[in-house]
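The values are calculated or read from the model by the stated rules, or taken from the named source; none is laboratory data. These numbers were taken from a predicted model, which means no experiment stands behind them. Neighbour counts are summed over all protein chains in view; Cβ atoms, including those assigned to glycine, are modelled from backbone coordinates with ideal geometry. Heads up: the accessible areas ignore ligands, DNA and RNA and are worked out on the full protein's heavy atoms, side chains in. Shrake-Rupley method; radii C 1.70, N 1.55, O 1.52, S 1.80 Å.
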Amino acid sequence: MNVKPLGFLKADFGNRFGIPRQSGLVPAARAELEFKGQAVASVEGIEEFSHLWVIFEFHLSKGKSATRETTARPPRLGGRKRVGVLATRSPFRPNPIGLSLVTLQEVRRSRGRVVLVLGGGDFVDGTPVLDIKPYLPWADEAPGARAGWASEPPPRVRVRWSPEAESQGQARLRGGYAKFKELVDQTLSLDHRPPDVAKRGGGKFASPLAGIDVHWVYEDGDCVVTCLKDPRS
């Protein structure tokens with residue numbers, strides 16, 4: 001089977017660390033997918049749907065060991081217990097294919113090109129998109145479905161900003177600061193530390209979000225944004 005990407009996403013998450021482990025957990029996250037030329041016709045009428053299934057490639061998970069392709073250690077189980085990879089949503093799979101439900105926030109059309117603006121995704125920047133399908137509530141909802149060991153949403157931690165980080169955000173992002181802060185707050189509240197690190201407490205971390213390097217620490221159970229840096233400087 002010859003599968004070619006429809007395109008590559010421009011997304012808020014600059015690397016794998018810090019990406020929400022499921023779609024919908026960070027509604028403020030945005031990603032854009034552009035269509036040009038003959039491909040424009042393939043999205044005609046898509047604006048009639050509020051939500052889309054995005055089928056994509058875990059392109060950063062290629063070449064992992066056979067062991068990881070058959071079993072995985074879900075963070076929700078403490079990162080120690082192994083289960084079959086097909087009983088998880090791990091990106092380390094026999095075939096590195098992902099499936100995410102996103103909102104269609106906007107369809108921009110200009111000079112023979114179309115850009116889909118997607119919300120709430122869990123995509124790293126540069127993710128190859130293999131296919132898109134409309135979400136159909138009457139077909140895709142499953143009332144009463146069981147979710148095994150993942151029956152509850154992940155816990156959240158409180159996110160605080162240091163005065164320095166607040167000042168840097170307001171100065172650098174100006175009109176877009178409120179949206180950026182929302183993105184950071186929703187993302188970091190998920191606590192991305194490995195389970196063993198979280199048990200020990202503390203920790204210093206950094207990850208690019210929407211083109212800004214965000215630095216944070218954990219203090220007294222809270223996540224504290226300490227500073228923002230321009231990755232180009």
* Over the Cα atoms of the chain, compute the convex hull volume and normalise it per residue, giving Å³. => 161 Å³
* Calculate, for Ile97 and Glu44, the FRET efficiency according to 1/(1 + (r/R0)^6) with r their C-beta to C-beta distance and R0 22 Å; round to the nearest 0.05. => 0.30
* To do: For region 1-64 and region 97-127, write down the distance between their C-alpha centroids in whole Å.
  => 5 Å
* **region 88-233 - charge dipole about Cα centre, Lys and Arg +1 at Cβ, Asp and Glu -1, debye rounded to 20** => 440 debye
* Structure fact -> Taking placed amide H atoms and a strict 5 Å upper bound, the residues 5 or more places from Arg160 or on another chain that come that close are Cys223, Val224, Val225
* Structure fact -> Square roots of five times the C-alpha gyration tensor eigenvalues of region 1-131, ordered largest first and given in whole Å, equal 29, 16, 12
* Cα-Cα over 30 Å, subset of Lys10/Lys204; Lys36/Lys179; Lys36/Lys204; Lys10/Lys229; Lys81/Lys181 -> Lys36/Lys204; Lys81/Lys181
* Solvent accessible area, Å² - His215, 1.4 Å probe, full protein context -> 50 Å²
* What are the radius of gyration and Dmax of region 97-162, computed over its Cα atoms and given in Å? -> 16.7, 49
* Structure fact -> A 1.4 Å probe over the protein heavy atoms gives the chain a carbon and sulfur accessible-area percentage of 52 percent
* Compute the semi-axes of the equivalent ellipsoid of region 80-216, taking the square root of 5 times each eigenvalue of the Cα gyration tensor, and list them largest first in whole Å. => 29, 26, 15
* Unit charges on C-beta of K, R, D, E only; dipole of region 12-119, Debye -> 800 debye
* How large is the accessible surface per residue of the chain, computed with a 1.4 Å probe and reported in Å² as a whole number? -> 58 Å²
* Theoretical ellipticity at 222 nm over the chain - DSSP helices of four or more residues, -39500 (n - 2.57) apiece, nearest 500 -> -4500 deg cm²/dmol
